[in-house]
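Structure record follows, encoded as structure tokens.
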């Protein structure tokens, strides 16, 4: 562990090291191994550090077979000397805040409700834990968040101890450790005792704040999304910007925003229903006109009409005239939509008619003897297909 500087001091931002080797991996990516490093490799739910080694960007850090690989955009030219290394501190400290916040929040849920944390994800935009429960109430969330922020405000010390497996019995661990040697405990005295290999600040106050954003049930657990530290301010800023934009658009104060949006949605649904009813009346009127102007075979070609509209129009026509046969074709850009139907006093087979037409346009469709539909490529014009269908009927 002596060469892992991030365990000696998580606040190290710059250091010097010797390059032990520089090679390409199986994916042809360059990496270097140093004699010591403060770059944290991906592990334990915490993402890797980034930064620079001799002005070359470190884009990934992984520990493989006991060696920490620092993946570079381009290789270092002179490897026979000490190199200077710099950690991306903003990224590192963000990870320290989020990871420690997770410890605090998980401990809060465990202490208050005996909900164990069975999953943890720390991403660049979102932070989640999976709680071992199928339900989670608003009251439970609020109380856990309150307790977590109380621990932060108390600015309790965060201690790190290396212990043996035999020494673990001395500590009230929140969960069993997976490793059996080189066991590292992260301790918030009197509150949380947890095996962890991540980087953490020296006090809870540096987490700054915890805010739970959302939660949802996933199978037999609850996934909870939250933010810590600087991310809380970032989330507040984003939400405030959206809210201010809505107050201007809707000309309503923030406190009334929910009621105003609810009214708008209700009005929108009402208008949609009224529009649908008006469109149905227009289709019925159009169906009446088609039935009057055509003699039994009602054949029409349309531009840019959906198959749903064609189906509804066709059903209105044959509902009025049991002796009618309806053939509709719509050209929609490079596609053709086809609908055919017959009244109850006719004996033509609409399914068979569609089966004969669809191969001409590489189409697919289906239906039954009295009503069928389909669609395909506009390999011929809509008027030609319409005429061919009418000829087959006659």
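The values are calculated or read from the model by the stated rules, or taken from the named source; none is laboratory data. Please read these numbers as outputs of a predicted model, since none were measured by experiment. Methodologically, a virtual Cβ is constructed for each residue, glycine included, from the backbone with ideal geometry; neighbour enumeration extends over all protein chains shown.
For the criterion of being surrounded by 15 or more Cβ atoms within 10 Å (Cβ to Cβ) and in contact (Cβ under 8 Å) with a residue 60 or more places away in the chain, residue 298 fails.
Would you tally the residues in the stretch 16-46 being touching a helix residue (DSSP H, G or I) at 6+ places or on another chain (Cβ under 9 Å), on the phi < 0 side of the Ramachandran plot and surrounded by fewer than 20 Cβ atoms within 10 Å (Cβ to Cβ)? Total meeting the criteria: 1.
Would you check which residues across the stretch 326-347 are over 15 Å from residue 310 (Cα atoms) and surrounded by 15 or more Cβ atoms within 10 Å (Cβ to Cβ) and list them? 343, 346 - these are the residues of the stretch 326-347 that are over 15 Å from residue 310 (Cα atoms) and surrounded by 15 or more Cβ atoms within 10 Å (Cβ to Cβ). Do we find that residue 159 is modelled with pLDDT of 95 or more, under 25 Å from residue 213 (Cα atoms) and more than 29 Å from the chain's Cα centre (by Cα) in this structure? Against the criterion (modelled with pLDDT of 95 or more, under 25 Å from residue 213 (Cα atoms) and more than 29 Å from the chain's Cα centre (by Cα)), residue 159 does not qualify. Return yes when residue 249 is in a helix (DSSP H, G or I) and in contact (Cβ under 8 Å) with a residue 12 or more places away in the chain and no when it is not. Here the answer is no, as residue 249 does not meet what is asked.
Considering the stretch 51-62, the residues that are closer than 29 Å to residue 103 by Cβ and surrounded by fewer than 16 Cβ atoms within 10 Å (Cβ to Cβ) include one that is nearest to the chain's Cα centre (by Cα), namely 59.
Against the conditions (1) surrounded by 16 or more Cβ atoms within 10 Å (Cβ to Cβ); (2) more than 28 Å from the chain's Cα centre (by Cα), residue 277 satisfies every one except (1). Taking the criterion of being touching a strand residue (DSSP E or B) at 6+ places or on another chain (Cβ under 7 Å), in a loop (DSSP other than H, G, I, E, B) and within 15 Å of residue 16 (Cβ to Cβ), the residues of the stretch 28-67 that qualify are 35, 36, 38, 39, 54. With the condition kept exactly as written, say whether any residue in the stretch 304-319 is in contact with a strand residue (DSSP E or B) (Cβ under 7 Å, 6 or more places away or on another chain) and part of a strand (DSSP E or B). For the stretch 304-319, residues in contact with a strand residue (DSSP E or B) (Cβ under 7 Å, 6 or more places away or on another chain) and part of a strand (DSSP E or B): absent. Here the stretch 249-263 is the region considered, the condition is being surrounded by fewer than 10 Cβ atoms within 10 Å (Cβ to Cβ) and in contact with a helix residue (DSSP H, G or I) (Cβ under 9 Å, 6 or more places away or on another chain), and the residue that is farthest from residue 327 (Cα to Cα) is 253. Against the conditions (1) part of a loop (DSSP other than H, G, I, E, B); (2) in contact with a strand residue (DSSP E or B) (Cβ under 8 Å, 6 or more places away or on another chain); (3) touching a residue at least 24 places away in the same chain (Cβ under 8 Å), residue 190 satisfies every one except (2). Any residue at all in the stretch 149-166 that's surrounded by 12 or more Cβ atoms within 10 Å (Cβ to Cβ), under 14 Å from residue 114 (Cα atoms) and free of Cβ contacts under 8 Å to residues at least 40 places away in the same chain? Within the stretch 149-166, not a single residue is surrounded by 12 or more Cβ atoms within 10 Å (Cβ to Cβ), under 14 Å from residue 114 (Cα atoms) and free of Cβ contacts under 8 Å to residues at least 40 places away in the same chain. Among the conditions (1) in contact (Cβ under 8 Å) with a residue 24 or more places away in the chain; (2) part of a helix (DSSP H, G or I); (3) in contact with a strand residue (DSSP E or B) (Cβ under 6 Å, 6 or more places away or on another chain); (4) surrounded by 16 or more Cβ atoms within 10 Å (Cβ to Cβ), residue 390 misses just one, which is (4). Of the residues in the stretch 86-97, at least one is surrounded by fewer than 20 Cβ atoms within 10 Å (Cβ to Cβ), at pLDDT 95 or above and closer than 17 Å to residue 18 by Cα.
Is it the case that some residue within the stretch 323-346 is in a helix (DSSP H, G or I) and in contact with a helix residue (DSSP H, G or I) (Cβ under 6 Å, 6 or more places away or on another chain)? No, that holds for no residue.
Checking each residue in the stretch 175-192 for being modelled with pLDDT of 90 or more and touching a helix residue (DSSP H, G or I) at 6+ places or on another chain (Cβ under 9 Å) picks out 183, 184, 185, 186, 188, 191, 192.
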